[in-house]
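*Asks:* Have a look at this one before I ask anything.
The values are calculated or read from the model by the stated rules, or taken from the named source; none is laboratory data. Everything quoted here is computed from the prediction, not taken from an experiment. Here the Cβ positions follow ideal geometry from the backbone for every residue, glycine too, while neighbour counts run over all protein chains shown. Heavy atoms of the whole protein, side chains included, go into the accessibility calculation; ligands, DNA and RNA do not. Shrake-Rupley method; radii C 1.70, N 1.55, O 1.52, S 1.80 Å.
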Amino acid sequence: MNDEPACSIERSLQILGERWSFLVLREIFAGKHKFAEIQSSLGIASNLLSARLKLLVETGVLCTQTYQEPGSRPRQSYHLTQAGRDLRVVLAALQQWGDHHRPRPSGPSALRRMRSTGQPVHIGFLDDDGHEVPGTDVVMLTDTAART
């Protein structure tokens, strides 16, 4: 008997459903790869960070690389796998939602822009041809309905 949840949202939340997971990923996307850098930036307890990093590595979101500072023992740095890089849109969608529904009086903490033009971008639904689809025109089908 398979105890794996049928719902992909639930399976994803088994890995990403704790707030520190996304905050750790945010720091790695920002270029922080060493344990101490991530811990210092987040102010997270070392045992919590260790547990988050371990889960993200075990589930294939992150991979490790060994590095060694002069005079120190070898350590691990943390890097995004393809699965981790694919979470960029999820982080951006959370940010976009927060900017809209939980805005800071001083404005957004980060802006989403096209690298090539500097124009603002937003997260949305696209059809197979790359055309944006209004959210009101999107329906989430259950697996039974999706197969018919």
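*Asks:* Roughly to the nearest percent, how much of the accessible area of region 54-148 is carbon and sulfur, given a 1.4 Å probe?
*Replies:* That share works out to 54 percent.
*Asks:* Let's test the formula: R0 of 22 Å, r as the Cβ-Cβ distance of His79 and Glu18. What FRET efficiency results, to the nearest 0.05? Don't skip to the answer; put the middle values down first.
*Replies:* Working: r = 20 Å, r/R0 = 0.93.
FRET efficiency, His79 to Glu18: 0.60.
*Asks:* Would you calculate a helix-derived [θ] at 222 nm for the chain, using -39,500 (n - 2.57) for each DSSP H run of n ≥ 4 and dividing by the full residue count, to the nearest 500?
*Replies:* It comes out at -12500 deg cm²/dmol, rounded to the nearest 500.
*Asks:* Cα centroid distance between region 81-148 and region 1-32, in Å?
*Replies:* 17
*Asks:* When N is the residue count of the chain, what does its C-alpha Rg come to as a fraction of 2.2 N^0.38 Å?
*Replies:* Rg over 2.2 N^0.38 Å, computed on Cα atoms: 1.26.
*Asks:* Please tell me the relative contact order of the chain in percent, rounded to the nearest whole number, where contacts are Cα pairs under 8 Å and at least six residues apart.
*Replies:* Relative contact order of the chain: 14 percent.
*Asks:* What percentages make up the Cα-Cα pair-distance distribution of region 27-97 when the bins are 10 Å wide from 0?
*Replies:* Reading upward from the zero bin: 19, 48, 29, 4, 1.
*Asks:* For the chain, with a Gaussian network of springs between Cα atoms less than 10 Å apart, report the residue from Ala92, Ala36, Ala110 with the top mean-square fluctuation.
*Replies:* For the chain, modelled as a Gaussian network with Cα springs under 10 Å, the answer is Ala110.
*Asks:* Determine the gain in length on full extension of the stretch Gln119-Ser72; use 0.36 nm per residue of separation and subtract their C-alpha separation, reporting nm with one decimal.
*Replies:* Contour length minus Cα-Cα distance gives 12.5 nm.
*Asks:* As a test of the definition: which semi-axes, in Å, follow for region 59-142 when you take the square root of five times each eigenvalue of its alpha carbon gyration tensor? Largest first, please.
*Replies:* Largest first, region 59-142 gives 34, 19, 14 Å.
*Asks:* For the chain, what is the accessible area per residue in Å² when the probe is 1.4 Å? Could the numbers behind the result be given before it?
*Replies:* Details: 10880 Å² over 148 residues.
In whole numbers, the chain has 74 Å² accessible per residue.
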